[in-house]
Amino acid sequence: MTMHSTPRLDDQLCFAIYRAGQAMNRAYKDLLAPLGLTYPQYLVMLVLWEHGEIAVKDIGARLGLDSGTLTPLLKRMERGGFVHRRRDEADERVVRVSVTTAGQGLRDLACRVMDGVIERAKLPVQDIERLRDTLIDLKSHLDPSDQIAP
């Protein structure tokens, strides 16, 4: 990367990440439409498929979303039949979320989403994995207080 006396837009890492993010969002939108999921809903489903029943606050922590964003999202997903929300029996302040049978049925279809992204990226899987790991490292250096959990 070369630095000029006057900053150029095309030299900025932030702009490259921003534009790649826009393209990624468009790709996911197209790939998720047949499943009836938005990108944020897909992320929630990934957390649920990985962890099973989980508290709303833990979903928010994992995705970096506050309850003001997450609650309406989960309500729409519940109306869509993908998730079930319930109050925790031990602590009624805690809302727990689980996947419904319909939501579980999307799991196999969702596996194809990543295949679609890889196909559209036209990069070897190893390069995609290396890029992902580099971005995780970049995020941890820029914001060490907010680590991405494995």
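The values are calculated or read from the model by the stated rules, or taken from the named source; none is laboratory data. The model shown is predicted, which means the values in this text are computed figures rather than measured ones. Every residue, glycine as well, gets a Cβ built from its backbone with ideal geometry; the counts of neighbours run over all protein chains shown.
From the set of residues in segment 83-119 that are surrounded by 14 or more Cβ atoms within 10 Å (Cβ to Cβ) and of a type in the set (Ser, Thr, Tyr), which is nearest to ASP30 (Cα to Cα)? Taking the candidates together, the pick is THR100. Contact map, segment 87-102: first residue free of Cβ contacts under 8 Å to residues at least 40 places away in the same chain and assigned to a strand (DSSP E or B), second residue of a type outside the set (S, T, N, Q) and surrounded by fewer than 14 Cβ atoms within 10 Å (Cβ to Cβ), Cβ cut-off under 9 Å, separation 6 or more or different chains; pairs are ARG87/ARG93. Here LYS29, LYS57 are screened, and the one residue that is touching a residue at least 24 places away in the same chain (Cβ under 8 Å), under 25 Å from ILE136 (Cα atoms), charged (D, E, K, R) and not in a loop (DSSP other than H, G, I, E, B) is LYS57.
Please enumerate the residues belonging to segment 72-85 that are among the charged types (D, E, K, R) and either in contact (Cβ under 8 Å) with a residue 12 or more places away in the chain or in contact with a Phe, Trp or Tyr (Cβ under 9 Å, 6 or more places away or on another chain) (or both).
Taking segment 72-85 as the starting set, the residues that turn out to be among the charged types (D, E, K, R) are 75-76, 78-79, 85.
Of everything in segment 72-85, those that are among the charged types (D, E, K, R) and either in contact (Cβ under 8 Å) with a residue 12 or more places away in the chain or in contact with a Phe, Trp or Tyr (Cβ under 9 Å, 6 or more places away or on another chain) (or both) turn out to be ARG76, ARG85.
Is one or more of the residues making up segment 73-82 modelled with pLDDT of 95 or more, under 24 Å from MET24 (Cβ atoms) and touching a Gly at 6+ places or on another chain (Cβ under 6 Å)? Looking for residues that are modelled with pLDDT of 95 or more, under 24 Å from MET24 (Cβ atoms) and touching a Gly at 6+ places or on another chain (Cβ under 6 Å), one finds at least one in segment 73-82, hence yes. A single entry from ARG132, ARG120 fulfils the requirement of being touching a residue at least 24 places away in the same chain (Cβ under 8 Å) and over 21 Å from GLY52 (Cβ atoms): ARG120.
For segment 1-25, a tally of residues being modelled with pLDDT under 95, farther than 24 Å from ALA61 by Cα and not hydrophobic (A, V, I, L, M, F, W, C) returns 9. Taking the conditions (1) assigned to a loop (DSSP other than H, G, I, E, B); (2) farther than 21 Å from THR100 by Cα in turn, ASP10 satisfies each one other than (1). A Cβ distance below 9 Å, combined with a sequence gap of six or more or placement on separate chains, defines the contacts here; from segment 14-25, residues that are more than 16 Å from GLY116 (Cα to Cα) reach residues that are loosely packed, with under 11 Cβ neighbours inside 10 Å and at pLDDT below 95 in the pairs PHE15/LEU9; ALA16/ASP10.
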